[in-house]
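J.: Have a look at this one.
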Amino acid sequence: MSLLTSLIQASTRFQQTLEQRPAANGAEEQKAKGAASAESVQPTNPGDDRFTPSGNSLSDANQLKSQKLPLADYKQTVGQDLAFIRETLRHKLAEYNLNPATAISVNKNDSGKIEVGGKLAEETRSRIEKDLNVNKNFMDAFSRLSVNEPTLHFMDNALKLNQAYGVNNSLLDTLVSENQQFNGLQDLVHRYDTLRRSASPSPFEATANQGAYAFNLNTQA
């Protein structure tokens, strides 16, 4: 009887051991999961590259300073010279009894003299050229326009592409100063011309340079 009792007790202890083992394993597994979850919500180490923000803060800063440019003011300044040159040429057409819709172009030659192109009689063309070359106000306005307008055209296109497609222009970022006090139109024109002269021509192929600048009246410029 004592042997049977001993066997029953041993069998009971063995069964209890089997039943307790899965429970223990489950508790350990749950504990491990809890530890993993706790690790995932721990404050990230600032030096841990896995949690470095993917945004480009430098590009954002460049975009911000470009968007602060007073483009409307630049356009107004350039527009004044455009209007003066356009009006002067229209006056010349009227002065020489030419059709107001006559297409003419104006540019500077290598010696800095004004040249007039278009379907004009040679004598009339020569007289208009002479008049324009002795008109200091016209010469000054054309000189300003020949550098200001290409720069403004470049900046305007770059900003439009940025706003429409989020495309940053590295050349524009280089032109714009962090200090808005140094972002006057003439500051930007000077930097643009300096970069144009020192850099390879490829970034500037789509933009008229100072030497090739021409103003067109009554034509598809």
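J.: Tell me, which residue of the stretch 68-126 that is basic (Lys, Arg), in a helix (DSSP H, G or I) and within 14 Å of LEU145 (Cα to Cα) is nearest to the chain's Cα centre (by Cα)? Let's see the steps before the verdict.
T.: Step one: filter the stretch 68-126 for residues basic (Lys, Arg), giving 68, 75, 86, 90, 92, 108, 113, 119, 125.
Restricting the remaining residues to those that are in a helix (DSSP H, G or I) gives 75, 86, 90, 92, 125.
From the residues that got through so far, the ones that are within 14 Å of LEU145 (Cα to Cα) too are 75, 86.
Values: LYS75: 18, ARG86: 30 Å.
Checked the stretch 68-126; the qualifying residue nearest to the chain's Cα centre (by Cα) is LYS75.
J.: Looking at the stretch 163-192, which of the residues that are small (Gly, Ala, Ser) and assigned to a helix (DSSP H, G or I) is nearest to the chain's Cα centre (by Cα)?
T.: Selected residue: SER170.
J.: A further question follows. Quick one: in the stretch 93-116, of everything that is surrounded by fewer than 13 Cβ atoms within 10 Å (Cβ to Cβ) and of a type in the set (Gly, Ala, Ser), which residue is farthest from ALA141 (Cα to Cα)?
T.: Filtering the stretch 93-116 for residues that are surrounded by fewer than 13 Cβ atoms within 10 Å (Cβ to Cβ) and of a type in the set (Gly, Ala, Ser), the one farthest from ALA141 (Cα to Cα) comes out as ALA101.
J.: Just checking, which of LYS160, LYS130 is modelled with pLDDT under 95 and farther than 17 Å from ASP81 by Cβ?
T.: Result of the check over LYS160, LYS130: LYS160.
The values are calculated or read from the model by the stated rules, or taken from the named source; none is laboratory data. None of the values given here were measured: they were computed from a predicted structure. Don't worry about glycine lacking a Cβ; one is built from the backbone with ideal geometry, like all the others, and counts go over all protein chains shown.
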